[in-house]
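First the structure, in the form of structure tokens, and then the observations on it.
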Amino acid sequence: MSISGFSEFESNTNDSILNLNKSLSQNGFTISIDKNTVVESPIEILFISTTETNFSQYRNLISIAENAEVKFVERIQNLNNSSSFVNNFTRINCDKNTKIEYNKIQNNTSESQLIDTVNVYQEQDSTCDINTLIFGGSFTRNNLNFEQNGFNCESNMNGVSVLDNNQLADNHTFVDHKSANCRSNEMYKGIYLDNSKGVFNGKIMVRPDAQKIDAFQSNNNLLLSENSSIDSKPQLEIYADDVKCSHGCTIGQLDDDALFYMRSRGIGIEEAKAVLTYAFASEAIENISVDQVKLLSKKLLAQKLNVELDFSV
């Protein structure tokens, strides 16, 4: 395994945000995982902002060679309450028969704005899991793009957004099925309090030669305030005829009968709401294999709901 600094790799795109990143970036990392290597412990990536006014452009490259396995934990943290804007771009190259889990923990200050783009390129028999956990920040935009370029690829996306005040989280996903016998699974959960707002825009593309595809996408949301809102747009674009694909969206509130049942057994109203809310989010959180990330997610969820609950792994 090798780790080095900023990488000036090429990325041809019409995306103005990525072109801005390419023009101005001077920070970032390059990580290469050697062939037949299994990295036992998760690699933690921490971006720290300390200045009064911060405008950061990070540009990162991860290359995973054939038969390698690795897990990552990424955090972008502003250590003061000043305004900041981060435009982060990460490219992940997955060679044949590789396995990667990439966990993004986004819990920034109320004055922080983040645009985070991850482009994943997969070859034959590779598996890539990306978990996006949003607990803070004034504005958070995640762009997650998968390109499956070989047979038997698997792409898994799990997302949890827990917002309050006037926070906004915007999740955009795109999975491009270019090869046959591949799979993709998306599960995004949103929990919105106060005046917060969520956006989910997910698209699955199945090319004409990509037969025998299994692709599933779901976006489920809880609105815990009359002033919170969610805009959801799941999409399928299919040009092959031998596939299994589905998408769906739900928007609702906590079940009054379930709340009554818990309160009748001596559980306080706030604790009852927290337990039901956690149960709603747990399906996505439990898919995380890194125990430290799973436990931190549970603690941040309890903190966001302003209750003290003992969440164990």
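Bear in mind these aren't lab numbers, they're just calculated from the coordinates by the rules spelled out. In this text the structure is predicted, and so the values were computed from the model without any measurement. Glycine also receives a Cβ, built like all others from the backbone with ideal geometry; neighbour counts cover every protein chain displayed.
A few comments on the model shown:
- By the count of other C-beta atoms within 10 Å, a proxy for reagent exposure, L259, L24, L296, L163 are ordered fewest to most as L24, L259, L296, L163.
- Extended-chain gain in nm, criterion 0.36 nm per residue less alpha-carbon gap, S110 and I267: 53.4 nm
- Net +/- balance of residues flanking M262 in space, Cβ distance below 15 Å, scoring K and R +1, D and E -1: -2
- Trypsin sites (Lys or Arg not before Pro), loop per DSSP, at most 13 other Cβ atoms within 10 Å - longest free stretch of the chain: 36-264
- Global size of segment 2-255: 18.2, 55 Å for Rg and Dmax (C-alpha atoms, Rg to one decimal, Dmax whole).
- Here r is the Cβ-Cβ distance between S4 and E286 and R0 is 30 Å; the resulting FRET efficiency, rounded to 0.05, is 0.30.
- Euclidean distance between Cα centres, segment 183-217 to segment 26-82, Å: 24 Å
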